[in-house]
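The values are calculated or read from the model by the stated rules, or taken from the named source; none is laboratory data. Small disclaimer: the values here were computed from a predicted structure and weren't measured. Here the Cβ positions follow ideal geometry from the backbone for every residue, glycine too, while neighbour counts run over all protein chains shown. Note: areas computed on protein heavy atoms with side chains; ligands, DNA, RNA excluded. Shrake-Rupley method; radii C 1.70, N 1.55, O 1.52, S 1.80 Å.
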Amino acid sequence: MTLAQKYENEAGKLTGISPSVSPGSVAWRSPSNIALIKYWGKRDFQLPQNPSLSFVLEESFTETSVEYRYRGNNGNTGSGNLKVDFMFEGQPNFVFDLRINAFLQKVAEFLPFISHFEFKIESRNSFPHSSGIASSASAMSSLALCLVSIEKDLFGTLKNDKDFFTKASFIARLGSGSAARSVYGDWSVWGKNKLIRGSTDEAAVNVNNELKPVFKSLADAILIVDSGKKEVSSSQGHKTMDGHPFASARYRQARENLEKLINAMVIGDEQSFISVVENEALSLHAMMISGNVGYSLLKEATWNIIGRIREFRMKSGLFLAFTLDAGPNVHLLYQLKDAEAIKPFIFSELLSLCENKHWIDDRIGKGPERLF
Ligand code: DP6
């Protein structure tokens, strides 16, 4: 049985609410993540064409609070009938409002109690909104964690952590694919593959236990080349993979890279880690360039930073690698124990290439936290 079937079957039990139920509130802080094996291309509803692997960040997160109040059932249980008041950083936000309403309508299939309540949702990011950091992963995972906590609080379900976080990941995925990987600490894999037992396209799984310690203490210097809104969003980008001339080769490459990367992380092979991570970053952007309507989100400064990182690696012999999100900013990965050698390099050679010398000094994170 798929997770969707399981949650659909269980949904019937998530409707019987006593009209005297007290109003309640819940809040979660949930991190953004950076994928090293990239999810790029979807099928059906929010299912990935290939598995992806990421770690969550520590400093880049969203905090979302949800207040809920029973508003009766009145036969109005249709998911098209939601009552939601949404504020982002203290202000109404029309674009986010639409996305959150669409998300809630979708997830009401699995969490039908949603249509019996009215909600006040407030969200804020730890990072500036236009810093170039993808906020959909942290935003959607923090909201999903709130909704699943409401289910747990009202119905006493999802008592064990595995059930709780699997459902949170499943729900988060329906809002944004990469959000599925933000409900756990450290490293997660989303997408069915041969190496990770229990992996599925419907939700992410945590993969910390298998990996060598060297990969558990990574720093991520996020070098902001351009903080502006992207010309092509990730959601539009995924669509360009439909009918892309290299799509099937890309999905095969991602699978092979996942195997190579996991093997490298299990045995502690830093050289293979670097070559797979950088190959994934550039392949992602190669897909954008070589699609039927090609485009590039990379800037001259992106290439200059990449060049300097590679040159510094050659000279210093240190373990450092770059990766890219669907944008021009560069994530420089290195070990926290090498910070003393790498930070002067960042300051003297990389910041002059960043927009207003802007960077975020981040690292691998412990994962989401319930605030109340
Ligand atoms: C390049 O998760 O933002 O960051 O599912 O449409 O919300 P939607 O897309 P999104 O895509 C992320 C793409 C990526 C790679 C990754 O995070 O795996």
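Of the conditions (1) touching a helix residue (DSSP H, G or I) at 6+ places or on another chain (Cβ under 6 Å); (2) loosely packed, with under 15 Cβ neighbours inside 10 Å, residue 11 satisfies every one except a single condition; which number is it?
(2)
Does the stretch 1-46 hold any residues that are of a type in the set (D, E, K, R) and either within 10 Å of the ligand (Cβ to nearest atom) or part of a loop (DSSP other than H, G, I, E, B) (or both), and which are they?
Our first condition is that a residue be of a type in the set (D, E, K, R); within the stretch 1-46, this holds for 6, 8, 10, 13, 29, 38, 42-44.
Passing the criteria: 38, 42, 44.
I'd like to know if the stretch 276-284 contains one or more residues that are closer than 14 Å to residue 54 by Cβ and either in contact with an Asp or Glu (Cβ under 6 Å, 6 or more places away or on another chain) or among the charged types (D, E, K, R) (or both). Spell out the reasoning first.
Here is the first cut: in the stretch 276-284, the ones closer than 14 Å to residue 54 by Cβ are 276-277, 280-281, 284.
From what is left, the residues that are either in contact with an Asp or Glu (Cβ under 6 Å, 6 or more places away or on another chain) or among the charged types (D, E, K, R) (or both) are 280.
Checked against the condition, which is being closer than 14 Å to residue 54 by Cβ and either in contact with an Asp or Glu (Cβ under 6 Å, 6 or more places away or on another chain) or among the charged types (D, E, K, R) (or both), the stretch 276-284 yields at least one hit.
Among the residues in the stretch 333-341, are any open to solvent by less than 10 Å² (accessible area, probe 1.4 Å) and either within 20 Å of the chain's Cα centre (by Cα) or not aliphatic (A, V, I, L, M) (or both)?
yes
Can you pull out the residues in the stretch 305-341 that are among the polar types (S, T, N, Q) and either away from the ligand (no atom under 16 Å from the Cβ) or on the phi > 0 side of the Ramachandran plot (or both)?
316, 335
Give me the residue from the stretch 251-273 that is touching a Phe, Trp or Tyr at 6+ places or on another chain (Cβ under 7 Å) and touching a residue at least 24 places away in the same chain (Cβ under 8 Å) and, out of that set, nearest to residue 179 (Cα to Cα).
If we take residues in the stretch 251-273 being touching a Phe, Trp or Tyr at 6+ places or on another chain (Cβ under 7 Å) and touching a residue at least 24 places away in the same chain (Cβ under 8 Å), then 261 is nearest to residue 179 (Cα to Cα).
Could you give every pair whose Cβ atoms fall below 8 Å, whose first residue belongs to the stretch 180-194 and is more than 20 Å from residue 212 (Cβ to Cβ) and in the same structural domain as residue 259 (by TED's automatic domain parsing), and whose second residue is open to solvent by 10 Å² or more (accessible area, probe 1.4 Å) and within 13 Å of the ligand (Cβ to nearest atom), counting only separations of at least 6 or pairs across chains?
Once the first residue is more than 20 Å from residue 212 (Cβ to Cβ) and in the same structural domain as residue 259 (by TED's automatic domain parsing) and sits in the stretch 180-194, no partner that is open to solvent by 10 Å² or more (accessible area, probe 1.4 Å) and within 13 Å of the ligand (Cβ to nearest atom) comes close enough.
What number of residues within the stretch 347-372 satisfy the criterion of being in a helix (DSSP H, G or I) and crowded, with 21+ Cβ neighbours inside 10 Å?
1
For the stretch 227-241, name all the residues that are under 23 Å from residue 359 (Cβ atoms) and within 16 Å of the ligand (Cβ to nearest atom). Quick ask: steps written out before the conclusion?
If we filter the stretch 227-241 for residues that are under 23 Å from residue 359 (Cβ atoms), which is where we start, we get 227-231, 234.
Selection gives 229, 230, 231, 234.
With the condition kept exactly as written, say whether any residue in the stretch 276-292 is modelled with pLDDT under 95 and not aromatic (Phe, Trp, Tyr).
Residues of the stretch 276-292 that are modelled with pLDDT under 95, as a first pass: 292.
The next check asks that each one be not aromatic (Phe, Trp, Tyr); those that pass are 292.
For the stretch 276-292, residues modelled with pLDDT under 95 and not aromatic (Phe, Trp, Tyr): present.
Condition first: surrounded by fewer than 21 Cβ atoms within 10 Å (Cβ to Cβ) and either part of a helix (DSSP H, G or I) or among the acidic types (Asp, Glu) (or both). Now tell me which residues in the stretch 117-146 satisfy that.
118, 122
Can residue 304 be described as open to solvent by 60 Å² or more (accessible area, probe 1.4 Å), in a loop (DSSP other than H, G, I, E, B) and touching a residue at least 24 places away in the same chain (Cβ under 8 Å)? Don't jump to the end; show me each part of the working.
Working: open to solvent by 60 Å² or more (accessible area, probe 1.4 Å): yes; in a loop (DSSP other than H, G, I, E, B): no; touching a residue at least 24 places away in the same chain (Cβ under 8 Å): yes.
Considered against the rule, which asks whether it is open to solvent by 60 Å² or more (accessible area, probe 1.4 Å), in a loop (DSSP other than H, G, I, E, B) and touching a residue at least 24 places away in the same chain (Cβ under 8 Å), residue 304 comes out as no.
Which condition from (1) at negative phi; (2) touching a strand residue (DSSP E or B) at 6+ places or on another chain (Cβ under 7 Å); (3) in a loop (DSSP other than H, G, I, E, B) is the one that residue 149 breaks?
(3)
Residues of the stretch 176-198 being open to solvent by less than 10 Å² (accessible area, probe 1.4 Å) and either in contact with a Lys or Arg (Cβ under 8 Å, 6 or more places away or on another chain) or among the hydrophobic types (A, V, I, L, M, F, W, C) (or both), which ones?
177, 179, 180, 183, 187, 188, 189, 190
What's the number of the condition residue 110 fails, among (1) surrounded by 19 or more Cβ atoms within 10 Å (Cβ to Cβ); (2) away from the ligand (no atom under 15 Å from the Cβ); (3) assigned to a strand (DSSP E or B)?
Failed condition: (3).
What's the number of the only condition in (1) open to solvent by 60 Å² or more (accessible area, probe 1.4 Å); (2) under 27 Å from residue 201 (Cβ atoms); (3) within 16 Å of the ligand (Cβ to nearest atom) that residue 49 fails to meet?
The single condition residue 49 does not satisfy is (1).
Might you check whether a residue that is polar (S, T, N, Q), more than 15 Å from the chain's Cα centre (by Cα) and assigned by TED's automatic domain parsing to the domain that holds residue 169 occurs anywhere in the stretch 29-49? Step through it out loud before you land on a result.
Here is the first cut: in the stretch 29-49, the residues polar (S, T, N, Q) are 30, 32-33, 46, 49.
Subsequent filtering for residues that are more than 15 Å from the chain's Cα centre (by Cα) retains 49.
Add one more test, that the residue is assigned by TED's automatic domain parsing to the domain that holds residue 169, and what stays is 49.
Checking the stretch 29-49: at least one residue is polar (S, T, N, Q), more than 15 Å from the chain's Cα centre (by Cα) and assigned by TED's automatic domain parsing to the domain that holds residue 169.
Among 231, 280, which is under 22 Å from the mean Cα position of the chain (by Cα) and loosely packed, with under 15 Cβ neighbours inside 10 Å? Spell out how you get there, then give the answer.
On the way: 280 fails: loosely packed, with under 15 Cβ neighbours inside 10 Å.
After ruling out the rest, the residue left standing is 231.
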